[in-house]
Amino acid sequence: MIRGVLFDLDGTLVNTLDDIASAMNRALRLHGLKEYAVKEYCYLVGNGARVLTDRAVGSRKDLAEAVLKDYQAYYETHNQIVSAPYSGIPELLRALRDQGMICMVLSNKPDADTRHVIAHYFGDGLFALVNGQKAGVPLKPDPTAALAAAREAGLSPDEILYLGDTSVDVTCARRAGMHAVGVTWGFRERKELEEAGAEYIIDRPEETLQLIATIL
């Protein structure tokens, strides 16, 4: 029986790509580095801000720390310019709450940014816990943070649907023993989710409710 749903943030709950791209391109521009088209960020993001920066600076690793600092300082105050929840997500979250589901967020985005974005777009009362990148805790796809969220919520891993839009999320879910649900409305293609071993793949948020009804 499913009792909880663990959500990735970027590309799953909220389309944050334009604001991420804007902040990183600004940081790259400040250091005279190549900027990227917004669609290219679909494959630069997913593994946290530091990996995003390492990918973005290319061979100029000597500038990575400075670019990361400029990116984070700007993004912290400009992460709600264009970003918006995906269509159907607010309705899904309210339906899950009404069913008594325990909803959680786990992101590789820095913890403060994660909490800021969730609070702005969803307010209080929809999520039992919200966790982003924290010092000393391995990033996804390492399952440590996912398993810690399950323990904090009082759930066993097999009682949790884990929704995410990348192979990072699918791999994390599988390693944690959760039900790995790939979503196709985010940043990556269906093929990536299939190859990562997603247990289920859904195309619309409301399909989550159907899954919960069928998994015993």
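PRE reach from His120 (point 7 Å along Cα→Cβ): which of the range 40-84 fall under 11 Å by backbone N? So the set is 75-84. Label-to-label distance, Glu40 versus Ala135, with points set 7 angstrom from Cα along the beta-carbon direction: 3.3 nm.
Taking amide H as placed 1.01 Å from N in the peptide plane, the amide H of Val105 sits under 5 Å from that of Phe7, Leu129, Val130, Asn131, each at least 5 places away or on another chain.
Between Met24, Val38, Ser59, the Cα set farthest toward the positive side of the dipole of the range 17-75 (charges on each charged residue's Cβ, about the Cα centre) is that of Ser59.
Result for the chain in a Gaussian network model with C-alpha springs under 10 Å: among Ala149, Ala135, Ala64, the largest mean-square fluctuation is at Ala135. Computed about its Cα centre, the charge dipole of the range 17-75 is approximately 120 debye, with only Lys, Arg, Asp and Glu carrying charge at their Cβ. Here the Karplus curve 6.51 cos²θ - 1.76 cosθ + 1.60, taken at θ = phi - 60°, turns the phi angles of the range 128-143 into couplings of 6, 8, 9, 10, x, 5, 10, 4, x, 10, x, 6, 4, x, 4, x Hz, with x standing for Gly and Pro. Our coupling estimate for the range 102-111, obtained by passing each phi through the Karplus curve with A = 6.51, B = -1.76, C = 1.60 and θ = phi - 60°, is 8, 9, 9, 10, 9, 10, 8, 5, x, 4 Hz, Gly and Pro reported as x. Percent of C-alpha pairs per 5 Å bin in the chain, short distances first: 1, 8, 16, 20, 21, 16, 10, 5, 3, 1, 0.
For the pair the range 166-199 / the range 84-133, the C-alpha centres are spaced 19 Å from each other.
Estimated at 0.36 nm per residue, the fully extended path between Leu209 and Ala73 surpasses their Cα-Cα distance by 45.2 nm.
Semi-axes of the equivalent ellipsoid of the range 17-75 are 15, 12, 11 Å, computed as sqrt(5λ) over the eigenvalues of the C-alpha gyration tensor in descending order.
Values quoted throughout were computed directly from the atomic coordinates according to the rules given, and no laboratory measurement underlies them. Being a predicted model, the structure only gives us computed values, none of them experimental. Positions of Cβ are backbone-derived with ideal geometry, glycine not excepted, and every protein chain shown enters the neighbour counts.
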